[in-house]
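Student: Quick one: the structure is below, questions incoming.
The values are calculated or read from the model by the stated rules, or taken from the named source; none is laboratory data. Note that the structure is a prediction, hence the values are computed from the model and not measured. Here the Cβ positions follow ideal geometry from the backbone for every residue, glycine too, while neighbour counts run over all protein chains shown.
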Amino acid sequence: MTIFTKPLRPDISAWIEQRVATGEHATPEDYVSMLVERDRDERSEEEKVADLRRLLADAEASGSSPLSLDELFAEAVQQTKAAGTYRE
């Protein structure tokens, strides 16, 4: 485990101590870890949204498909099953 020792502004330190005092977090380290995990998860979600936007832009740029909607869904199911990412 890496240990970081960084001075914090008094207002930030007081906020962390206040959050720990509520009993919601056992230690300042627990609170900071939770914030980092939340930030990582949010950024991960932002990356997923950005990926979806790129996919949509690519799809729009590629034009229309001769396949019906049912055929497109069937193809998508087949591809996700082959990739092991299919969820029912």
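Student: Just a yes or no: is a residue in the range 5-14 modelled with pLDDT of 95 or more and among the acidic types (Asp, Glu)?
Tutor: yes
Student: Then there is this: Please work out if residue 84 is on the phi > 0 side of the Ramachandran plot and over 23 Å from the mean Cα position of the chain (by Cα). So that I can check it myself, show each step before the final result.
Tutor: Numbers: on the phi > 0 side of the Ramachandran plot: yes; over 23 Å from the mean Cα position of the chain (by Cα): no.
Considered against the rule, which asks whether it is on the phi > 0 side of the Ramachandran plot and over 23 Å from the mean Cα position of the chain (by Cα), residue 84 comes out as no.
Student: Can you tell me which residues in the range 19-35 are of a type outside the set (D, E, K, R) and surrounded by 10 or more Cβ atoms within 10 Å (Cβ to Cβ)?
Tutor: Answer for the range 19-35, where residues must be of a type outside the set (D, E, K, R) and surrounded by 10 or more Cβ atoms within 10 Å (Cβ to Cβ): 20, 25, 27, 28, 31, 32, 33, 34, 35.
Student: Of everything in the range 50-75, what is on the phi < 0 side of the Ramachandran plot and exposed (fewer than 10 other Cβ atoms within 10 Å of the Cβ)? Give them in sequence order.
Tutor: Narrowing the range 50-75 to residues on the phi < 0 side of the Ramachandran plot: 50-62, 64-75.
58, 60, 61, 62, 64, 66, 68, 69, 70, listed by residue number.
Student: Spot the failing condition for residue 21; the list is (1) modelled with pLDDT of 95 or more; (2) under 18 Å from the mean Cα position of the chain (by Cα), and only one is missed.
Tutor: Unmet for residue 21, out of (1) modelled with pLDDT of 95 or more; (2) under 18 Å from the mean Cα position of the chain (by Cα): (2).
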